[in-house]
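Data block below; observations after.
The values are calculated or read from the model by the stated rules, or taken from the named source; none is laboratory data. Note that the structure is a prediction, hence the values are computed from the model and not measured. Please note: Cβ atoms are built from the backbone with ideal geometry, for glycine as well, and neighbour counts cover all protein chains shown. These area figures cover heavy atoms from the full protein model, side chains too; ligands, DNA and RNA do not enter into them. Shrake-Rupley method; radii C 1.70, N 1.55, O 1.52, S 1.80 Å.
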Amino acid sequence: MSDDHTHVQEFFGVRAADWDLRFPDDGPAYAAAVAEIGLREGGRVLDAGCGTGRALPALRAAVGPPGVVLGADLTPEMLREAARAGRDREGALLLTDVAALPLRSSSLDAVFAAGLIAHLPRPAENLREIRRVVRPGGVLALFHPIGRAALAARQGRALTPDDLRAEPNLRALLTGAGWRMTSYADEDTRFLVLAVREA
């Protein structure tokens, strides 16, 4: 396991037990973001870096009982909290790295990724792997329940032009990984980027 994996697991592992308590009001923001993906009943969707599974109920509601919902995370403690909250009833939980997803190519309609982009050790490579499992024309949603400026303020850091989530930087990154950005929203109350997998 790389140092990157160890760092991510250590960071989230010790925070897993009270993660949902720290962010109790995020549910509506997750549901609104999921609604913008345009999932249909019977769809197949992955929550990449699902953490405690806060998006899983909204994803299940979007694809209905015949759909497939998967939640993948690198941190066992986060997945345990997802199961403890009953979110494993909304979708199958996978302990895995998004850099090597145990899924068939072109098997998904969409990937939802909340807060994931900042924790990818090799973003271009990792976004190509996510692309691999999404069908042509499928959607990637990069989400955070607060915008870049609010998140930087919360973390006590300055917002700089080289921020990976700045529109020009993220657009170039997505394009290089085979995605076409279709919308970019960076507001105080949310960050949501939608991209479509190119053929």
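Only one of GLU167, GLU77 is more than 14 Å from the chain's Cα centre (by Cα) and in contact (Cβ under 8 Å) with a residue 60 or more places away in the chain; which?
Numbers: GLU167 fails: in contact (Cβ under 8 Å) with a residue 60 or more places away in the chain.
GLU77 is the lone residue from the list that is more than 14 Å from the chain's Cα centre (by Cα) and in contact (Cβ under 8 Å) with a residue 60 or more places away in the chain.
Can you name every residue in segment 152-197 that is among the hydroxyl-bearing types (Ser, Thr, Tyr), open to solvent by 70 Å² or more (accessible area, probe 1.4 Å) and more than 14 Å from ALA141 (Cα to Cα)?
Residues satisfying the conditions are THR175, THR189.
Looking at (1) more than 15 Å from the chain's Cα centre (by Cα); (2) under 26 Å from ARG197 (Cα atoms); (3) not basic (Lys, Arg), which one does ASN126 not meet, given that it meets all the others?
(1)
Scan segment 22-49 residue by residue and report those that are at pLDDT 95 or above, of a type outside the set (Gly, Ala, Ser) and open to solvent by 10 Å² or more (accessible area, probe 1.4 Å).
TYR30, GLU36, ILE37, LEU39, ARG40, GLU41, ARG44
Out of all the residues in segment 129-147, which are under 10 Å from the mean Cα position of the chain (by Cα) and of a type in the set (Gly, Ala, Ser)?
Within segment 129-147, just ALA141 meets the criteria.
Based on what the data block shows, is ARG190 modelled with pLDDT under 95, closer than 29 Å to PHE23 by Cα, of a type in the set (Lys, Arg) and within 15 Å of the chain's Cα centre (by Cα)?
Details: modelled with pLDDT under 95: yes; closer than 29 Å to PHE23 by Cα: yes; of a type in the set (Lys, Arg): yes; within 15 Å of the chain's Cα centre (by Cα): yes.
When the stated conditions are applied, ARG190 passes them.
Quick one: is GLU90 over 30 Å from PRO136 (Cβ atoms) and either acidic (Asp, Glu) or free of Cβ contacts under 8 Å to residues at least 40 places away in the same chain (or both)? Let's see the steps before the verdict.
On the way: over 30 Å from PRO136 (Cβ atoms): no; either acidic (Asp, Glu) or free of Cβ contacts under 8 Å to residues at least 40 places away in the same chain (or both): yes.
Spelling it out, it is not the case that GLU90 is over 30 Å from PRO136 (Cβ atoms) and either acidic (Asp, Glu) or free of Cβ contacts under 8 Å to residues at least 40 places away in the same chain (or both).
Would you mind finding the one in ALA72, ALA92, ALA83 that is in contact with a strand residue (DSSP E or B) (Cβ under 7 Å, 6 or more places away or on another chain), more than 14 Å from TRP19 (Cα to Cα) and surrounded by fewer than 16 Cβ atoms within 10 Å (Cβ to Cβ)?
On the way: ALA72 fails: surrounded by fewer than 16 Cβ atoms within 10 Å (Cβ to Cβ); ALA83 fails: more than 14 Å from TRP19 (Cα to Cα).
Every option except ALA92 fails the conditions.
Kindly evaluate GLY64 against the criterion of being small (Gly, Ala, Ser) and over 25 Å from MET181 (Cβ atoms).
Taking the combined requirement at face value, the residue satisfies it.
For segment 101-120, enumerate the residues that are out of contact with any Phe, Trp or Tyr (no Cβ under 9 Å at 6 or more places or on another chain), open to solvent by 50 Å² or more (accessible area, probe 1.4 Å) and at pLDDT below 95.
Within segment 101-120, ALA118 is the sole residue that qualifies.
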